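A short worksheet on the structure shown next.
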Amino acid sequence: MPDKNEIRKPKLLDEVRRILRFKHYSLRTEEAYIDWIRRFILFHGKRHPREMGAEEVRGFLTHLATERHVAASTQNQALSAILFLYEQVLEQDPGWIEGVERAKKPLRLPVVLTQEEARVVLAAVPEGYRLMAELLYGSGLRLMECLRLRVKDLDFGYLQITVRDGKGQKDRVTMLPVSLVPALRGHLERVRELHRQDLADGFGRVWLPDALERKYPHAPMEWGWQWVFPAERISTDPRTGAERRHHMHEKNLQNAVKAATRAAGLAKPASPHSFRHSFATHLLEAGYDIRTVQELLGHKDVSTTMIYTHVLNRPGLAVRSPLD
């Protein structure tokens, strides 16, 4: 039986981190999983996970729900982290793990802006963030999909955007709004000048996924691989210690949209993701086929896209109220 003080040594969490990186999990997921595993262990008095099982997992999840009042999605993320620990790191028989139920997410309608509301909010977004917000609404991108765009993902000839490694590690193609072409071209010229300056200063190497940097050693400096929306400053990669310019942080855009929503006087709790919801709803309102919208959004199942039919101005079979 492992010593109860073993958790004080970094070995277990280091092994978790090593396997997460081996399986190409994102840095965001790595940080979240490490945090939840640490919380789970501390909650049970620093007992080693090998000494615990389904009962302790249920106890921790119950604590999150009843004492911490976390959302079902947060509770499920904690469970995913703990299951990763037992299945992938400790290599335990998943028999008892399968008996741990995931919390059911309540079905909630998305926050959707009308076309007029979307225009008002976009106009209120500060100029440095407006182009990103317009892409969220005009192309139906998720927040991180927008921030992780590379120059080569924009196809001005076919007016399309290739989303690489989206949710579920899937690629897809969505539309590039014609109205944004001039602004995007001008923006890329400024980004290219910034990249030239970075190269002159001894930087200019962008992060590449998996082993691409070893396979193509010059690719990190090539223009096509650069971020469309780079950060203002050079930063240090927490994994490798390399100094380079990453893409813009999501908090910046989130705060800009939040401030714009307040400035527009909207009572709706709109966020960057509301633009994606509005993109889908407005396409359906315009009469586009739901399968087409499903493909543009990258939904695995059309039932996920169906939720937008509940927020249309004329839901269902265009039923009109008797009062109207």
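The values are calculated or read from the model by the stated rules, or taken from the named source; none is laboratory data. A quick note: this is a predicted structure, and the numbers were derived from the prediction, not measured. Please note: Cβ atoms are built from the backbone with ideal geometry, for glycine as well, and neighbour counts cover all protein chains shown. Note: areas computed on protein heavy atoms with side chains; ligands, DNA, RNA excluded. Shrake-Rupley method; radii C 1.70, N 1.55, O 1.52, S 1.80 Å.
Just flag the trypsin sites (Lys or Arg not before Pro) in the range 13-74 sitting in loop per DSSP whose Cβ has no more than 13 other Cβ atoms within 10 Å. Sparse-neighbourhood loop trypsin sites (Lys or Arg not before Pro): Lys23, Lys46, Arg68. Amide H contacts under 5 Å for Arg150: Val228, restricted to partners 5 or more places along the chain or on a different chain, H placed in the peptide plane at 1.01 Å from N. Averaged over its residues, the chain has an accessible area of 58 Å² per residue, based on protein heavy atoms and a 1.4 Å probe.
Of the trypsin sites (Lys or Arg not before Pro) in the range 171-203, not one is in a loop by DSSP (not H, G, I, E or B) with at most 12 other beta carbons within 10 Å. Between amide H atoms placed 1.01 Å from N, distances below 5 Å from Ser235 occur with Arg244, Arg245, His246, all of them 5 or more places distant or on a separate chain. The simple spin-label model puts a point 7 Å past each Cα toward its Cβ; for Ala65 and Asp201 those points are separated by 5.0 nm.
Placing unit charges on the Cβ atoms of the charged side chains and taking the dipole of the chain about its Cα centre, the candidate lying farthest along the positive direction among Leu113, His44, Tyr86 is His44. A simple rule links phi to the HN-Hα coupling: the Karplus curve 6.51 cos²θ - 1.76 cosθ + 1.60 with θ = phi - 60°, which for the range 259-269 gives 5, 5, 5, 5, 5, 7, x, 7, 8, 5, x Hz, with x for Gly and Pro.
Counted without the sites themselves, the longest stretch of the chain free of chymotrypsin sites (Phe, Trp or Tyr not before Pro) in a DSSP loop having at most 12 other beta carbon atoms within 10 Å is 159-324. With 0.36 nm allotted per residue and the present C-alpha distance subtracted, the Glu250-Arg190 stretch has 19.5 nm of extension available. When P(r) over Cα pairs in 10 Å bins from 0, in percent is computed from the coordinates, the matching label among (i) 5, 21, 27, 25, 17, 5, 1, 0; (ii) 6, 26, 36, 24, 7, 1; (iii) 5, 23, 27, 20, 14, 8, 3, 0 is (i). Scanning the chain for GluC sites (Glu not before Pro) lying in DSSP loops with no more than 13 further Cβ atoms inside 10 Å, the longest uninterrupted stretch between such sites is 102-231. Dipole magnitude for the chain: about 360 debye, using +1 per Lys or Arg Cβ and -1 per Asp or Glu Cβ, origin at the Cα centre.
Ignoring any ligand, DNA or RNA, what whole percent of the accessible area of the chain comes from carbon and sulfur when the probe is 1.4 angstrom? In the chain, the share of accessible area belonging to carbon and sulfur is 51 percent.
Volume per residue of the convex hull around the Cα atoms, evaluated for the range 116-184, comes out as 92 Å³.
Of the trypsin sites (Lys or Arg not before Pro) found in the range 247-316, the ones in coil according to DSSP and having at most 14 other Cβ atoms within 10 Å of their Cβ are Lys300.
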